[in-house]
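For reference, the structure discussed in these notes is given below.
The values are calculated or read from the model by the stated rules, or taken from the named source; none is laboratory data. Please read all numbers here as calculations on a predicted model, not as lab measurements. Every residue, glycine among them, receives a Cβ derived from its backbone with ideal geometry; neighbour counts consider all protein chains shown. With ligands, DNA and RNA removed, areas are computed over all heavy atoms of the protein, side chains included. Shrake-Rupley method; radii C 1.70, N 1.55, O 1.52, S 1.80 Å.
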Amino acid sequence: KIARLTTRVGAILPSGRLERLPVSHCHSMVKSLARLWDPARKQPLRPFTQDEQAFVANERLLIPLDFAYFAERYWMIQSEGQQLKPLYPLWESQRLILAALAKQEEIRWRSKHPDGLLCNGLKGRQLGYSTLAEALLGHRIVTQTYVKGLVASDVPSNSGSQGIFGMLELGFEHLPWWLKPGVKFWNTDSHLVL
């Protein structure tokens, strides 16, 4: 997919291809571009420079194709000290889960199975599974159109803004303005329609 997309967008990007940029560069650009946003008028204060435009184009084209790239650069979580940080670096347990999902996805693709994946994560504690699952769902709803997602828990105290839906809200709320799709309806603790 990346090779086909690159041939179509080569004129937009200075290098002529999509690039996986270093995490530190992406974080620096997020801070820089955040200063351009006027929240009152809901628009940038000035047009992008050519470098800024190339950066945003690269990221908006690459992110739908590469979950780990997205999660490590743009999906924010609360760390142990309750501070915000990107889902970076992915833990070994999270990489193993992604590899297992990728294997199942490839099997379905090769067999031309019409449905996506349904995953029941029977997991141990503190493996980063819930955080990864929320980030996967967030990636899908942010980068794809006409997608429905469900976040649910059988433990009432693990619902709403303090539970797993709160993880989704937090990640979405802290996306850079140039990545965030428009919100049609957002009922905190309950549902989000983009």
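The table that follows gives values for the structure above.
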| read-out | value |
| --- | --- |
| Unmet criterion (only one of (1) within 29 Å of K184 (Cα to Cα); (2) open to solvent by 30 Å² or more (accessible area, probe 1.4 Å)) for D66 | (2) |
| Selection from region 69-84 of residues that are among the charged types (D, E, K, R) and open to solvent by less than 60 Å² (accessible area, probe 1.4 Å) | E72, R73 |
| Residues of region 107-126 satisfying the condition of being open to solvent by less than 90 Å² (accessible area, probe 1.4 Å) and not in a loop (DSSP other than H, G, I, E, B) | I107, R108 |
| Region 95-115 residues that are closer than 16 Å to T131 by Cα, paired with ones that are of a type in the set (G, A, S) and surrounded by 10 or more Cβ atoms within 10 Å (Cβ to Cβ) (beta carbon under 7 Å, 6 or more apart) | L98/A68 |
| Sole residue being closer than 23 Å to A135 by Cα and surrounded by fewer than 16 Cβ atoms within 10 Å (Cβ to Cβ), chosen from S32, S28 | S28 |
| Which listed residue, of Q104, Q53, is open to solvent by 60 Å² or more (accessible area, probe 1.4 Å), among the polar types (S, T, N, Q), outside any loop (DSSP other than H, G, I, E, B) and closer than 18 Å to M29 by Cα | Q53 |
| Test: residue in region 41-57 that is within 15 Å of the chain's Cα centre (by Cα) and modelled with pLDDT of 90 or more | yes |
